[in-house]
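Asks: Right, I'll just put the structure down here and ask away after.
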Amino acid sequence: MTPLLSLRGIGMSYGAVTALRDVDFDIGAGEVVALCGDNGAGKSSLVKILAGAQAPTAGSIALDGANEKFRDPQDALRKGIATIYQDLAVAPRLSIWQNVFLGSELTRPPFGLLDKRRMAEMSRGFLARLAVDIADMETPVERLSGGQRQAVAICRALRWDARIIIMDEPTAALGVKETAQVLELIRRLQAEKHTVILVSHAMQDVVAVADRVVILRGGRKVQDRPVAGLTAGDLAAMIMQRAA
Ligand SMILES: Nc1ncnc2c1ncn2[C@@H]1O[C@H](COP(=O)(O)OP(=O)(O)O)[C@@H](O)[C@H]1O
Ligand SMILES: [Mg+2]
């Protein structure tokens with residue numbers, strides 16, 4: 001079967017610094033893949049390439065078997081890849097629906113007025129799909145918990161019908177209970193057949209939700225295997241292992 005996303009020979013150099021070398025990997029539709037590695041391993045460089053924020057200096061990317069180049073993040077989004085960065089980039093003062101539709105507001109003919117009702121209804125629907133219970137779509141995002149904010153950021157991806165959702169360290173700033181909520185969001189996405197790439201330092205999160213783990217070290221892929229049967233300790237050891 002053709003993989004949903006396929007990377008071949010991806011390289012990324014920043015001047016004299018080589019951040020990624022000859023990285024290949026395939027992701028099937030509906031998979032949750034954890035992308036792991038120590039600081040400097042190349043995770044963020046790879047995420048930026050997939051998000052359309054930078055072009056690789058070598059290699060190719062295919063979606064559904066067709067070669068793709070992403071001109072910019074909007075282009076990647078239109079092609080079905082949404083990236084949720086750690087800082088989330090939510091606008092705290094704005095309401096839930098305003099955040100979900102930020103920069104892509106729905107309007108009504110004939111005068112092009114904002115269709116607030118429809119945006120609020122759609123936001124409510126997205127949150128329901130994630131099993132997040134918030135009554136009022138006018139609630140400013142600053143009043144939400146960390147887990148709920150992640151849900152709003154994911155709703156933005158759903159608004160674009162993203163097939164691939166990349167989450168960069170989504171639980172890094174969260175407590176135990178909110179982390180559990182975010183892991184539940186990822187399970188919901190998987191149940192809806194979304195593909196998730198989870199960048200994480202939290203090995204217990206990886207064990208809890210990922211199907212597969214890809215480990216980078218020094219810009220190279222050093223592991224690519226199913227998570228089943230591995231413990232958080234096994235994963236930590238694989239990440240820290242010195243190159244032979
Ligand atoms: N914009 C940049 N300019 C120069 N070097 C960079 C840049 N971004 C990342 N690097 C370098 O590339 C390597 C990989 O970094 P990064 O992709 O951020 O890894 P990770 O996210 O796994 O910590 C590091 O050596 C880092 O210093
Ligand atoms: Mg990083």
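Just so it is clear, none of the values below were taken in a lab; they were calculated from the coordinates. Predicted model only: the values in this text are computed from it and were never measured. Heads up, the Cβs are rebuilt from the backbone with ideal geometry, glycines too, and the neighbour counts pull from every protein chain shown.
Asks: Output the 0 to 90 degree angle, nearest 10, between the alpha-carbon long axis of helix 176-191 and the longest principal axis computed from the alpha carbons of the chain.
Replies: So the helix axis and the longest Cα principal axis differ by about 90 degrees.
Asks: Would you work out if the stretch 115-171 is rounded, prolate or oblate? Take a ≥ b ≥ c from the square roots of the eigenvalues of the alpha-carbon gyration tensor; rounded if a/c is under 1.5, else prolate when a/b is larger than b/c, oblate otherwise. Walk me through the intermediate numbers first.
Replies: On the way: a/c = 1.97, a/b = 1.19, b/c = 1.65.
Oblate.
Asks: Where in the stretch 156-184 does the amide nitrogen come within less than 15 Å of the point 7 Å from the Cα of Arg129, taken along Cα to Cβ?
Replies: Residues passing the 15 Å test: 156-166.
Asks: When only C-alpha pairs under 8 Å and at least 6 residues apart count, what is the relative contact order of the chain, in percent? Intermediate results must be reported in sequence, preceding the final value.
Replies: On the way: 467 pairs, mean separation 63.4, N = 244.
Reported relative contact order: 26 percent.
Asks: Separate question: For a footprinting-style exposure proxy, rank Leu183, Leu198 by other Cβ within 10 Å, fewest first.
Replies: Fewest-to-most ranking of Leu183, Leu198: Leu183, Leu198.
Asks: How do Tyr14, Tyr85 line up, fewest other C-beta atoms within 10 Å first? Write down the numbers at each step before the final one.
Replies: Values: Tyr14 10, Tyr85 18.
Listed from fewest to most nearby Cβ atoms, that is Tyr14, Tyr85.
Asks: Taking the Cα atoms only, what angle lies between the long axis of helix 116-129 and the longest principal axis of the chain, rounded to 10 degrees?
Replies: 40
Asks: Report the residue, chosen from Ala151, Ala128, Ala41, that carries the largest GNM mean-square fluctuation when the chain is represented by alpha-carbon nodes joined by springs under 10 Å.
Replies: Top of the fluctuation ranking is Ala128.
Asks: List Asp75, Asp136, Asp115, Asp168 from most exposed to least, where exposure is judged by having the fewest other Cβ atoms within 10 Å. Could the numbers behind the result be given before it?
Replies: Numbers: Asp75 13, Asp136 10, Asp115 16, Asp168 21.
In increasing order of surrounding Cβ atoms, one gets Asp136, Asp75, Asp115, Asp168.
Asks: Taking the chain as a Gaussian network, where each spring joins two C-alpha atoms under 10 Å apart, which residue of Pro109, Pro92, Pro56 fluctuates the most?
Replies: Pro109
Asks: Find, among the trypsin sites (Lys or Arg not before Pro) in the stretch 190-244, those assigned to loop by DSSP (not H, G, I, E, B) with at most 13 other beta-carbon atoms within 10 angstrom. Intermediate values should be presented prior to the final figure.
Replies: Values: sites: Lys193, Arg212, Arg217, Arg220, Lys221, Arg242; in loops: Lys193, Arg242.
Answer by residue number: Lys193, Arg242.
Asks: Note down, for the chain, the three equivalent ellipsoid semi-axes (square root of 5 times each alpha carbon gyration tensor eigenvalue), biggest first, whole angstrom. Please list the in-between numbers first.
Replies: Values: eigenvalues 199, 91, 47 Å².
Value: 32, 21, 15 Å, ordered largest first.
Asks: Now, a different point. Classify the stretch 159-217 from the C-alpha gyration tensor, please: rounded if a/c falls under 1.5, else prolate or oblate depending on whether a/b exceeds b/c. Kindly include the intermediate steps, with their values, before the conclusion.
Replies: Working: a/c = 1.66, a/b = 1.19, b/c = 1.39.
Oblate, because a/c is 1.5 or more while a/b does not exceed b/c.
Asks: If the reach is capped at under 19 angstrom between alpha carbons, list the lysines near Lys48, excluding any in the same chain fewer than eight residues apart.
Replies: Cα-Cα hits under 19 Å: Lys69, Lys79, Lys221.
Asks: Apply 1/(1 + (r/R0)^6) to the Cβ-Cβ distance of Glu68 and Thr139, taking R0 = 35 Å, and write down the FRET efficiency to the nearest 0.05. Display every interim value, and only then the final one.
Replies: Details: r = 37 Å, r/R0 = 1.06.
Calculated transfer efficiency: 0.40.
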